[in-house]
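The values are calculated or read from the model by the stated rules, or taken from the named source; none is laboratory data. Every value quoted in this text rests on a predicted model; they were computed, and no experiment measured them. Here Cβ is always computed from backbone atoms with ideal geometry, including for glycine, and neighbour counts include all displayed protein chains.
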Amino acid sequence: CGVFGLYSPQPQDLAWLTYLGLFALQHRGQEAAGMCVSDGEKFHVDKDLGLVTQVFDERRLDGLRLPNARVSIGHVRYSTTGSNLRFNAQPLTTRTNKGILGLAHNGNFVNAREVRGEMLMEGALFQTTNDSEVMLNLIARESHMDLIEATAGAMQQLRGGYACVLMSRTQLIGFRDPHGVRPLVIGQREDGTWVLASEPCALYAVGARLVRDVQPGELVWMDRDGLHSLMVEPKRPTPCSFEWIYFARSDGELDGVDIHASRIRMGEQLAREKPVDADIVVPVPDSGIGAAIGYARESGIPFDYGLYKNPYAGRTFIAPTQEARELKVKMKLSPTSAVRGKRVILVDDSIVRGTTSRQIVNLLREAGATEVHFRVSSPPITHPCFYGIDTAARKELVASTHTVEEIRDLIGADTLAFISEPGLRKAIGGQGLCGACFTGEYPAGTPLLNDVDKLA
Ligand code: 5GP
Ligand code: SF4
Ligand code: MG
């Protein structure tokens, strides 16, 4: 998911700016979009299933226009639990004795089920099936306290990987779990407006500059007195390595590490670790481009444009059957003449189920590639993610049930090789990193055993 928030010291219409921020974060979630806007009195909410441009047509944006708004938040949703339902769209809102609150959340709480169970016993009511509502109810329940204290208390009770934005009628709040698994950055516009966003691209989209990342374990808030910060938990940084591998947009940096440059380093590392003699290096667009540039640079083998990607094809497409999934790949990708008669090194960021990879190898062979050497800029994904990235249940992860040689055979490549886990860490650099989907070591905990059907 992607989250976004604004606090403007001068009253102004914030609906359009929020729309622009969400549009920049569209790659983080294509299932639903929503926003809340307040001018201190009124509090407007609108959300629905669909892309940002589909949900917010002119009529619906008009409904969110408040000429004197000060606070807004927004969300783009990517469902990790498969419950693609309208009532699960965010922001979530609730009424408290401190007034109405809105919450937008990226990530997952690993103990949400237990906390929800305890709250149900105490008479709490829930309207959705998503764990964000547990966070919102925890905050609302303590709303006799100061909102910052209540939020800090909720952060201490919930574990997992998360980044959230929360708003009241007068404050914008942002917080990140102690491991900083999911990203959150702070920006500011020339007119003084504060911005919170999952990624820097959303800051630039609203004309703001990057101020800094929210620290792991930090709670920040913006109000008429400016930006404030509280370290709620000691930071133990292990941000998600998948943000650099695949998820984040390449035009930015997270926790001080530039996304595009890190992808190039992954490709260079991969070329050093897993060299092969061939004629051209071809990326699987768009997610394989950075690593393919690095692979070509390091190996000296020319980079070429061997796969055309239809720019109107989205990043994901819900395809229920195998036939529909195969057509989906054809809808998105087709080979160019560059591969004809060539030994091709095909570079992609990851192999999850292996189904797309098999079809792409096949496409290249049909187009006349004489050899296809598949290189992957992440290690084999053997474990599910419990922190908000949908890498599928364990039994669907091809690398959890197959050896590299078996996967090579399955996808029909001449050779197949993945970057090593230490090589990946070296390429990204920075401090700690979560690599639980490659190693099974979960830095921010796992759900209780009866909850981990995903692990089975
Ligand atoms: P596979 O061969 O496993 O079917 O597909 C691999 C492709 O899925 C890669 O090109 C990669 O960019 C993409 N991918 C990696 N992680 C994710 C994810 O979390 N969600 C979606 N929708 N695609 C992903
Ligand atoms: Fe990221 Fe993998 Fe960790 Fe999930 S398990 S947070 S995808 S590195
Ligand atoms: Mg891809």
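The one condition from (1) away from ligand 1 (no atom under 13 Å from the Cβ); (2) surrounded by 22 or more Cβ atoms within 10 Å (Cβ to Cβ); (3) among the hydrophobic types (A, V, I, L, M, F, W, C); (4) modelled with pLDDT of 95 or more that F386 does not meet is (4).
Remark: pairs (first residue in the stretch 138-165, assigned by TED's automatic domain parsing to the domain that holds T94 and more than 14 Å from L219 (Cβ to Cβ); second residue in a loop (DSSP other than H, G, I, E, B) and hydrophobic (A, V, I, L, M, F, W, C); Cβ separation under 6 Å; 6+ apart in sequence or on different chains) = R159/V110; G160/V110; G160/A444; G161/V181; G161/A444.
When S143 is tested against (1) under 15 Å from S168 (Cβ atoms); (2) in contact with a Ser or Thr (Cβ under 8 Å, 6 or more places away or on another chain); (3) surrounded by 21 or more Cβ atoms within 10 Å (Cβ to Cβ), exactly one condition is not met: (3).
Kindly indicate whether V206 is away from ligand 2 (no atom under 16 Å from the Cβ), surrounded by fewer than 24 Cβ atoms within 10 Å (Cβ to Cβ) and among the β-branched types (V, I, T).
Values: away from ligand 2 (no atom under 16 Å from the Cβ): yes; surrounded by fewer than 24 Cβ atoms within 10 Å (Cβ to Cβ): yes; among the β-branched types (V, I, T): yes.
Judged against the criteria, V206 is a match.
Of all the numbered requirements in (1) within 16 Å of ligand 3 (Cβ to nearest atom); (2) basic (K, R); (3) surrounded by fewer than 24 Cβ atoms within 10 Å (Cβ to Cβ), R375 misses one, and that requirement is (3).
Of the numbered criteria (1) farther than 16 Å from H105 by Cα; (2) not in a loop (DSSP other than H, G, I, E, B), the one T238 fails is (2).
Pairing residues of the stretch 1-29 that are farther than 15 Å from V55 by Cβ with residues that are modelled with pLDDT of 95 or more and aromatic (F, W, Y), at Cβ distances under 6 Å and at least 6 apart in sequence or on separate chains, gives Y7/W194. From the residues in the stretch 209-264 that are within 16 Å of ligand 1 (Cβ to nearest atom) and among the hydrophobic types (A, V, I, L, M, F, W, C), which one is surrounded by the most Cβ atoms within 10 Å (Cβ to Cβ)? Result: W244. Checked against the criteria, N108 does not count as part of a loop (DSSP other than H, G, I, E, B) and surrounded by 19 or more Cβ atoms within 10 Å (Cβ to Cβ). Inspection of the stretch 226-236 identifies at least one residue that is away from ligand 3 (no atom under 15 Å from the Cβ) and under 19 Å from K426 (Cα atoms).
Going by what's in this entry, would A291 be described as within 16 Å of A417 (Cα to Cα), within 16 Å of ligand 3 (Cβ to nearest atom), buried (at least 18 other Cβ atoms within 10 Å of the Cβ) and not acidic (D, E)? Can you show your working first?
Numbers: within 16 Å of A417 (Cα to Cα): yes; within 16 Å of ligand 3 (Cβ to nearest atom): yes; buried (at least 18 other Cβ atoms within 10 Å of the Cβ): yes; not acidic (D, E): yes.
It is true that A291 is within 16 Å of A417 (Cα to Cα), within 16 Å of ligand 3 (Cβ to nearest atom), buried (at least 18 other Cβ atoms within 10 Å of the Cβ) and not acidic (D, E).
Does G192 satisfy the criteria of being of a type outside the set (A, V, I, L, M) and out of contact with any Lys or Arg (no Cβ under 7 Å at 6 or more places or on another chain)? In short, yes. Once the stretch 425-445 is narrowed to residues that are more than 10 Å from ligand 2 (Cβ to nearest atom) and in a helix (DSSP H, G or I), the residue that is surrounded by the fewest Cβ atoms within 10 Å (Cβ to Cβ) is K426.
For the stretch 239-270, a tally of residues being over 15 Å from the mean Cα position of the chain (by Cα) and polar (S, T, N, Q) returns 2. Among the conditions (1) modelled with pLDDT of 95 or more; (2) surrounded by fewer than 16 Cβ atoms within 10 Å (Cβ to Cβ), the only one that A413 does not satisfy is (2).
Can you find a residue that is more than 16 Å from ligand 2 (Cβ to nearest atom), touching a residue at least 60 places away in the same chain (Cβ under 8 Å), in a loop (DSSP other than H, G, I, E, B) and under 28 Å from the mean Cα position of the chain (by Cα) anywhere in the stretch 271-294? Yes: the stretch 271-294 contains one or more residues that are more than 16 Å from ligand 2 (Cβ to nearest atom), touching a residue at least 60 places away in the same chain (Cβ under 8 Å), in a loop (DSSP other than H, G, I, E, B) and under 28 Å from the mean Cα position of the chain (by Cα).
Within the stretch 343-383, the set of residues being within 16 Å of ligand 2 (Cβ to nearest atom) and assigned to a loop (DSSP other than H, G, I, E, B) comprises D349, S350, I351, V352, R353, S377, S378, P379, P380, I381, T382, H383.
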